[in-house]
Each structure stands twice: as C-alpha cells, then as structure tokens.
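Taking it in order: structure first as structure tokens, then the write-up.
The values are calculated or read from the model by the stated rules, or taken from the named source; none is laboratory data. As the structure is a computational prediction, the values presented were derived from the model and not from experiment. All Cβ positions, even for glycine, are placed from backbone atoms using ideal geometry, and neighbour counts span all protein chains on display. Accessible surface is based on the protein model in full, side chains and every heavy atom, while ligands, DNA and RNA are left aside. Shrake-Rupley method; radii C 1.70, N 1.55, O 1.52, S 1.80 Å.
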Amino acid sequence: DWSDRRRNNADRYRALFQDRGLDQLLGLPFCPDLSGHVYNQFVIRVPERDELRQHLRSAGIPTEVYYPYPLHMQPAFAYLGHREGDFPETERACREVLALPVFPELTESQQNTVVDTIAQIYA
C-alpha cells in the first residue's frame, strides 16, 4: 500500500510539473514501464539546487540531498587515487540532485504547494 501511494505521488508530481511547464526545466526521475519503482525518494535534478532548496526550506517544505559527494571523492575510496574532475557527470549530479517529499501520506494539496513553490523560482 505504501509503495502504491508513493508511486501515485510520483505520478502526480510528474503531472503537476508538466501542467506548469516545469518538466522541461527540471530533471525528473524516469522509470521504465516494465519496472516497479517504489519511490523511496523522488529526486529531481536542478542546476540551482541550493537556491531552490533554500527557497523550499523558507516555505516550510523539507528536502534532502542524500548523496552530496560522489563515491570517488569519499575517504573510503581514496586508495583508488581518483581526483576531482575524474568523473565530471557524477560530480555534476551530486551538485544537482534534490529529493522532494514523497511519503505515502503526502496529500495532493501538499504536492501542489511543493510544485507551486518551485514554480516561483522560475516565474
């Protein structure tokens, strides 16, 4: 039931972002039709991630950055000898990812508030 509600919330986010023309500005999660994503997180990609995160925080909307550092830059993998710049797409993704609320009890009204608050940045 929780997974179904998260999937419904993810589908609603996609529709809301599309309705407001934001689907062309944000990187939205992709899930092939044949898979069963449970959307433990709904992670968007946005170049101005930190600005958007602060804007959402000021509106009382929690977000999270789950993977702020790429694996090759973490101390546990230092022995591999990689440096900043070795994996530029991975590094860029770590600067751009932002998880939005997607918990099962999230209401349609709350999602509208999240998307409307994001739309304010692009107005």
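Things to note:
- Looking across the range 106-123 at every residue that is more than 15 Å from Y13 (Cβ to Cβ), open to solvent by 60 Å² or more (accessible area, probe 1.4 Å) and of a type outside the set (F, W, Y), the one that is modelled with the highest pLDDT is identified as Q120.
- Any hit, the range 56-73, residues being among the basic types (K, R) and in contact with a helix residue (DSSP H, G or I) (Cβ under 8 Å, 6 or more places away or on another chain): no
- Subset of the range 24-35 that is assigned to a loop (DSSP other than H, G, I, E, B) and over 13 Å from A93 (Cα atoms) - its residue that is least open to solvent (accessible area, probe 1.4 Å): C31
- Filter pass, E48 being in contact (Cβ under 8 Å) with a residue 60 or more places away in the chain and either open to solvent by 80 Å² or more (accessible area, probe 1.4 Å) or over 16 Å from V102 (Cβ atoms) (or both): yes
- The residues of the range 36-81 that are of a type in the set (S, T, Y), within 17 Å of the chain's Cα centre (by Cα) and either part of a strand (DSSP E or B) or within 16 Å of I118 (Cα to Cα) (or both) amount to a single one, T63.
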